[in-house]
Amino acid sequence: MNYVQKNPLPIPEMGTHHSVPVQMDTIFDWEYALKAQQLMALYEKGKAGTWNATDLNWDQEVSIEKLLANRRAMSGGQSPFNRLLNPPVELSEDQITEFNLNMNAWMLSQFLHGEQGALVATAKIVQTVPNEEAKFYAANQVADEARHVEAYHRYLTEKLGVSYPVNTELGKILDATCSDSRWDVTYLGMQIMVEGLALAAFGMIKLMMMDEPLIQDITTRIMQDEARHVAFGVISLQDLYTHGALTPQEMREREDFIIECTYLMRDRLLMGQVYQRFGWDEDLWLKWAVTTPFMAAFRQLLFSKIVPNLRRIGLLTPRVRDAYEKIGILKYEHEKDSTEELLSAPPKEFLELIANMSGGQQAAPLQ
Ligand SMILES: [Fe+2]
Ligand SMILES: [Fe+2]
């Protein structure tokens, strides 16, 4: 790939590179049993599903301004943003367009940084996980993640031209996941939590950006990969926590990790960096992001894949249930987990939300 970067990403305060110290055991498997059939089948699916980011149509125009203008024209000349999202300050149509462009760029930037996290964390799984089948699949995932970084980076820098550095909460989750020496905790942080959330978020982006063909194409391809990655986590961990192999203290540490990650992930989507960039009153807008019904429902829905997967691996324990009940996400416990269905449709609740926000049309929830 011969590539000249346009509109580079802003460098975060920590600088261009960030080191995370970790001491871990690298494990060789001399048995090569290759008997974990679910993992071997997933590995075959992964190899067969490989695609090339350079095959996407990068020549097509992407203009969020035009897209929003079209949506506005379809809904009688005025966007429903002020009426439906009830912002603390009424925004002009130009401000609404600029805000939407930046929200979109911010969300996709965090996806990009999450993809780099997945690249690094899964490379660590190749080294630390004991069995060869899981090493095979993790290696296949690492190649997927490089492509995901490539596609999102290119979309942000060439097509949107607006991007954001990693936000504090996602940075903390990635650090915690990559600095932990226990292989199962790497899976919990990445495949179960970060990728479980991404899978739900990608489903929502697809619905919200139905009129932008390039991001549809990118997201459809990446979602198919992510569905396998999340299943990889569930399959790898499904027998670990339910057969008494871990002590009560070790189980408690996993619960603490999950609960801490959940709080960080809930708070990572408040978009403080966008309000800062605009010079808006950050406290006022953060309060809006926490309380406005669409944003609150959106953040809850992001957990719709994580909760059934935690149930499946035996980590929806009384302590985790209690924490989840308090933040309103335990209601997803009966959704299908990733071993029952790789790619599930978005919950009905989300489809209803989108329909309400766009006055019955499917495509314009944020404007
Ligand atoms: Fe990915
Ligand atoms: Fe992934």
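Could you figure out which of (1) modelled with pLDDT under 90; (2) surrounded by fewer than 16 Cβ atoms within 10 Å (Cβ to Cβ) isn't true of LYS326?
Unmet for LYS326, out of (1) modelled with pLDDT under 90; (2) surrounded by fewer than 16 Cβ atoms within 10 Å (Cβ to Cβ): (1).
Being more than 30 Å from GLN38 (Cα to Cα), touching a helix residue (DSSP H, G or I) at 6+ places or on another chain (Cβ under 7 Å) and either among the β-branched types (Val, Ile, Thr) or without any contact (Cβ under 8 Å) to a residue 60 or more places away in the chain (or both) narrows it down to one of VAL320, VAL307, VAL274, so name that one.
VAL274
Look through GLN141, GLN110 and report the one residue that is within 14 Å of ligand 1 (Cβ to nearest atom), buried (at least 19 other Cβ atoms within 10 Å of the Cβ), polar (S, T, N, Q) and within 30 Å of ASP281 (Cα to Cα).
GLN110
Scan segment 120-138 for residues that are surrounded by fewer than 19 Cβ atoms within 10 Å (Cβ to Cβ) and within 12 Å of ligand 1 (Cβ to nearest atom) and jot them down.
The answer is VAL120, and nothing else.
Just give me the residues in segment 221-263 being in a helix (DSSP H, G or I), among the acidic types (Asp, Glu) and away from ligand 1 (no atom under 16 Å from the Cβ), in sequence order.
Within segment 221-263, GLU250, GLU253, GLU255, ASP256, GLU260 meet the criteria.
Can you pull out the residues in segment 73-97 that are within 29 Å of ALA151 (Cα to Cα) and buried (at least 18 other Cβ atoms within 10 Å of the Cβ)?
The answer is ILE96, THR97.
Which is touching a Gly at 6+ places or on another chain (Cβ under 7 Å) and either surrounded by 13 or more Cβ atoms within 10 Å (Cβ to Cβ) or not hydrophobic (A, V, I, L, M, F, W, C) (or both), of ASN7, ASN57?
Result: ASN7 is the single residue among ASN7, ASN57 that is touching a Gly at 6+ places or on another chain (Cβ under 7 Å) and either surrounded by 13 or more Cβ atoms within 10 Å (Cβ to Cβ) or not hydrophobic (A, V, I, L, M, F, W, C) (or both).
When the residues of segment 105-148 are filtered to those that are among the aromatic types (Phe, Trp, Tyr) and more than 16 Å from the chain's Cα centre (by Cα), which remaining residue is farthest from VAL166 (Cα to Cα)?
PHE136
Residue under question is GLN78, and the condition is that it be at pLDDT 95 or above and under 19 Å from PHE294 (Cβ atoms); does it hold?
no
Would you pick out the residues in segment 148-164 that are over 17 Å from VAL194 (Cβ atoms) and not polar (S, T, N, Q)?
Answer for segment 148-164, where residues must be over 17 Å from VAL194 (Cβ atoms) and not polar (S, T, N, Q): GLU150, ALA151, HIS153, ARG154, TYR155, LEU156, GLU158, LYS159, LEU160, GLY161, VAL162, TYR164.
Kindly establish whether GLN238 is out of contact with any Gly (no Cβ under 6 Å at 6 or more places or on another chain), at pLDDT below 95 and surrounded by 13 or more Cβ atoms within 10 Å (Cβ to Cβ).
yes
I need a count of the residues in segment 19-67 that are without any contact (Cβ under 8 Å) to a residue 24 or more places away in the chain and not hydrophobic (A, V, I, L, M, F, W, C).
Total meeting the criteria: 8.
When you check PRO308 against the structure, is it assigned to a helix (DSSP H, G or I) and within 20 Å of the chain's Cα centre (by Cα), yes or no?
yes
The values are calculated or read from the model by the stated rules, or taken from the named source; none is laboratory data. Because the structure is a prediction, the values reported are computed rather than measured. Here the Cβ is made from the backbone with ideal geometry for all residues, glycine too, and neighbour counts use every protein chain on show.
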